Structures are given as structure tokens and as C-alpha cells.
Amino acid sequence: MQYYSTNNKNNKVNFREAILQGIANDKGLFMPESINPLSENFISNLTEFNFQEISFQIAKNFVEDEIPGNDLNSIIINSISFEAPLVNLNDNLSILELFHGPTLAFKDFGARFMARTMEYFLKGMNREITILVATSGDTGSAVANSFLNVDGIKVLVLFPSGKISKVQEKQITTLGNNIAAIEVDGTFDDCQRLVKSAFVDDELKNKINLTSANSINIGRLIPQSFYYFESFKQIKNKNQKIVYSVPSGNLGNLTAGLFAKQMGLPISKFIAATNKNDVFTKYVNDGNFNPKASVETLSNAMDVGDPSNFVRILDLYKNNHALISNIIFSKSFSDEETLNKIQELHDNNNYIIDPHGAVGCLAFDKYKNEVGEDIFGIVLETAHPAKFLNVFENNLNFKPVSPDRLNQCLNKKGETEKISSNYKDLKEILRS
Ligand SMILES: *Cc1c(COP(=O)(O)O)cnc(C)c1O
């Protein structure tokens, strides 16, 4: 399969280069040349396949013959090694729990598949890669965990000192080996700026192969379409109109859902649920896209002011706003509404949802009220609520129980390398 750059359709590379390079040399994002529909027979008989078998069929559609079937199968078995269960709340709504992986967020799916695929390609290539990633929390932990001990790859995770949760910091700093945690004296925006400076530093480019592990890497998006099929399989009554509500930040999860629809999954509507960072919501509702600085909210993984995958959505629908707003409904919500929703689901459904999933539920309610017809909603629960204990402790009178794997890393000692927000410091580390 060939992948073109969103900046120039004639600028193409194969799947291997798309995933190893992360971003095109003209700074565009890679898109598959075609997204082929899967057979109708496969889609109507999903219940006959397990999650890994479903994932294999989808991955094959994007990889084609660049990885032999046996090897692709091993990659899937090693990366998609936990479940994505659908939990019914009532006849019209269920929650897709995407937090059963090692770092308790949906990003584990993408990061693990990408890590094992990169490892496969690098084997025998005698090429070393350095992954630079800036994180405000969940991305760093999923990427660090996934790439731990992968040969040929070094990972540098940059995080803003004192600005990520204790749990998230431990998840990044306690791994060691090929994972270095860089503590930046600055904000998340500073971390992102440092990463960007490194990517455009020609002097560095001649010395090391730098790549990105953010959701601009197509290797993270592809596996995210696996669980749309897996969850669809689990719907009991498929005669209703099926709607997916996606808590959105950089729009990677939403884009993966659109890929699934392109492959033939009969999804009638997508809901892009946003917090007060509503740049995409505004675009869907009035056609104007105006990126701006992000604002802090309780659903902090969605605090994005300039969503990177927006260009992929435009590309997929050929810039046709009418088409996009027909497929996607979008609505933004405040922190107060988010807390009320968490409380309501706790009181009425005995379910503890995290702040991101709560925004997804709010948007589903809104859409259901507006269309007033019988629809079945699936809300993507993107992280385990225990990752956001502070939100519960500061605002609510109940809190979720932390899973063991979270408690374990809390007892370990972390190690970081501290740098200033001056690019010189990061460059020195990268050179050595
Ligand atoms: C990353 C993240 C999101 C946003 O996902 P995008 O693919 O960037 O839109 C939502 N919720 C959680 C918990 C996340 O970690």
C-alpha cells in the first residue's frame, strides 16, 4: 500500500516508510492511497471472529504484502492483547471501555501496534531510530510502555515539570532502559515547541533518525479502527441506527472511526465530543476553522487548540464541509456539565466514568434529543477513571478503585533528566 502526503498526493512512500518516518518530508501527514471496503460477508459475520482475527483483517487492508501474514499475525497477537468490552447502560447507550491495556488508556492500542511494527521493520535494517514525544500525560505513558526494550529504538519523553498527574509521571519515569524521561522546566506548549525544533534541525537530521509517536503517525491510527469493528460485533440489536460518540482532542480516534466507516462498517453518525477546546466543533457547525491556544479543563487529554488530524479528515472528504457536517455531529461542554454527568451516571447507573468519557456521554444525550429518533449510542471511554483521581478527590464525594498495575508503579522510584525550556539543552541530549 502506498501512502501519500496530505500536502502533495504525488509525494508517496510505502507503509514501512510511512510508519518509520512518522511525518512526510513536506510536513504533510500520510494517508493511505485507498481504504478498501472489507467484504460484506465479513462485516455481517463479525461474531464468528475474535478481536485479534478481526484486527488482522483490518491491518492487512492497510499493510497489504509488506508484512507476511504470519508476522503480521504475531504483531497483532502481541499488541492487541487485552479486551475492548461494551458495557450496556440502558437500551440506547453503551460504553466501550478502551482502558484495559497496561497504561489504562486507549492509546495503548495504537502505541503497542506501532512499536511492534517498527521493531519488525527495523530488524535486519541496521537502522536506529529515536522517538521524540511531548506529552501532557497519556501519550507519554502509552508510548514509553509500548517501546520498552524494543531493539533499535530509543525513546525520549518530554513532560512539563509538575504539570502532569503523579500517576502519569510515575508511568513515564520508572521504566528506564531505552526510555528516557525528560523533565522540562516549562509548560506542555514548551515541550511541543522543543520537539518541533528538533524535527526541523537539519544538523541533527544528518546524525540521527528522529520520528514521531504522536497520532500524526499512521501506525497509531490504523489499530484504532480495530475496536470500532470489535465493538460493533458486540451490539445485540443491530437494527437500530448506530452512533459513535468520540471524546476528541487531536481527532485521531475520530479519524480511525471514519476509516472504519470507509471500510464498510454501517455507522450512521459520529459525534465529536469536545470540552471548551472547541475548534473542531466550530468548524463542523459553521465551516470556519480557527486554531487557537488551548485552555485547561478537567478532561485534559482533550485540551488541544489545533487538532493535528484535522487535515486527514479534510483530505478524506475532499474538503467538503457539507459532507463532513452530515457525517459528524459536534458539541462542546463545560467542566461543570462534565462533573454533573459523572455524578449522574454514578447515581443512576452505578457506573464511574472518567471526565473524557463523560463529555462523550453529554454529546450523545444532546444528539439523541436533537434527532428524537430511536438510535443506539456507543460512547468511547478513553481512559480509566482512576487516572484522574484528583478530579474525583477535589470535586466529588466518591472515587474509583485503582487497578493493581497502577498502584505497582506508584511504589517505584522514578528517574528523570531535568532540562530548561531552551532548545540548546535538548539538542545536547540528542547529540550524545
Ligand atoms: C488522547 C486522549 C483523548 C483524545 O483523543 P484524540 O485521538 O487525540 O482525539 C481523549 N481521551 C483520553 C483519555 C486521551 O488520552
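If I take R0 = 30 Å and measure r between the Cβ atoms of residue 81 and residue 196 in this structure, what FRET efficiency does the formula 1/(1 + (r/R0)^6) give, to the nearest 0.05?
For R0 = 30 Å, the calculated efficiency reads 0.35.
Among the listed pairs 292/413; 9/261; 9/163, give every one whose C-alpha distance is greater than 30 Å.
With Cα atoms farther than 30 Å apart: 292/413; 9/163.
Compute the accessible area per residue over the chain, keeping the other protein chains in place, probe 1.4 Å, unit Å².
Accessible area per residue, the chain: 41 Å².
Pop a pseudo-label 7 angstrom from the Cα along the beta-carbon direction at both residue 128 and residue 320 and give the gap in nm to one decimal.
4.9
Kindly provide log₁₀ I(q)/I(0) values, in the same order as q = 0.14, 0.19 Å⁻¹, from the Debye equation applied to equal alpha-carbon scatterers of region 50-90.
Treating every Cα as an identical point scatterer, log10 I(q)/I(0) equals -0.36, -0.56.
Would you calculate the separation in nanometres between label points at residue 205 and residue 25, each defined as 7 Å from the Cα along the Cα-to-beta-carbon direction?
Distance between label points: 0.8 nm.
Of the beta bridges DSSP finds with both residues in the chain, what % are antiparallel, to the nearest 5?
The answer is about 25 percent antiparallel.
Counting each DSSP H run of 4 or more residues in the chain as -39500 (n - 2.57), what helix-only mean residue ellipticity at 222 nm follows after dividing by all residues, to the nearest 500 deg cm²/dmol?
Rounded to the nearest 500, the figure is -12500 deg cm²/dmol.
What's the center-to-center distance, using Cα atoms, between region 390-432 and region 27-42 in Å?
36
Tell me, in nm to one decimal, what length is gained between residue 397 and residue 236 on full extension, where the rule is 0.36 nm per residue of separation less the Cα-Cα distance?
Length gained between residue 397 and residue 236: 54.5 nm.
Tell me which trypsin sites (Lys or Arg not before Pro) from region 67-136 have a DSSP coil assignment and no more than 16 other beta carbons within 10 Å of their own.
Those that pass, being in a loop and sparsely packed, are 123, 127.
Can you pull the semi-axes for the chain, root of five times each eigenvalue of the Cα gyration tensor, sorted largest first, whole Å?
Here the semi-axes work out to 31, 26, 21 Å.
Is region 138-212 best put as rounded, prolate or oblate by its Cα gyration tensor, with a ≥ b ≥ c the root eigenvalues, rounded for a/c under 1.5, and otherwise prolate when a/b is larger than b/c, oblate when not?
Oblate, because a/c is 1.5 or more while a/b does not exceed b/c.
Taking N as the number of residues in region 241-288, what is its alpha-carbon radius of gyration divided by 2.2 N^0.38 Å?
Dividing the Cα radius of gyration by 2.2 N^0.38 Å gives 1.17.
In region 283-432, what is the volume of the convex hull around the alpha carbon atoms, normalised per residue and reported in Å³?
It is 199 Å³ per residue.
Once you have a ≥ b ≥ c as the square roots of the Cα gyration tensor eigenvalues for region 334-410, tell me rounded if a/c is under 1.5, and otherwise prolate or oblate according to whether a/b is larger than b/c.
Prolate, since a/c reaches 1.5 and a/b exceeds b/c.
Does anything in region 29-47 have its amide N under 11 Å from the 7 Å Cα→Cβ label point of residue 64, and if so which residues?
Taking a point 7 Å out along Cα→Cβ of residue 64, the residues of region 29-47 whose backbone N falls under 11 Å are 33-36.
Let me test this: with uniform point scatterers at the alpha carbons of region 1-91, what is the Debye-based log₁₀ I(q)/I(0) at q = 0.10 1/Å?
Rounded to two decimals, the profile gives -0.36.
Roughly how many percent of the accessible protein surface of the chain is carbon and sulfur, given a 1.4 Å probe and a whole-percent answer?
Summing carbon and sulfur atoms, their accessible area is 42 percent of the total for the chain.
Give the shape of region 84-199 as rounded, prolate or oblate, defined through the alpha-carbon gyration tensor: a ≥ b ≥ c are the square roots of its eigenvalues, a/c under 1.5 means rounded, and otherwise the shape is prolate if a/b is larger than b/c and oblate if not.
Oblate.
Please compare each pair in 331/418; 27/166; 331/427; 241/276; 236/318 to a cut-off of 30 Å on the Cα-Cα distance and tell me which ones are over it.
331/418; 27/166; 331/427; 236/318
Let me cross-check residue 16: its accessible surface, 1.4 Å probe, with only protein heavy atoms counted, in Å² to the nearest 10?
Roughly 80 Å² of residue 16 is accessible to a 1.4 Å probe.
The values are calculated or read from the model by the stated rules, or taken from the named source; none is laboratory data. Model, not experiment: these values are computed from the prediction. Cβ: placed from backbone, ideal geometry, glycine included. Neighbour counts: every protein chain shown. Accessible surface areas use protein heavy atoms only, side chains included; no ligands, DNA or RNA. Shrake-Rupley method; radii C 1.70, N 1.55, O 1.52, S 1.80 Å.
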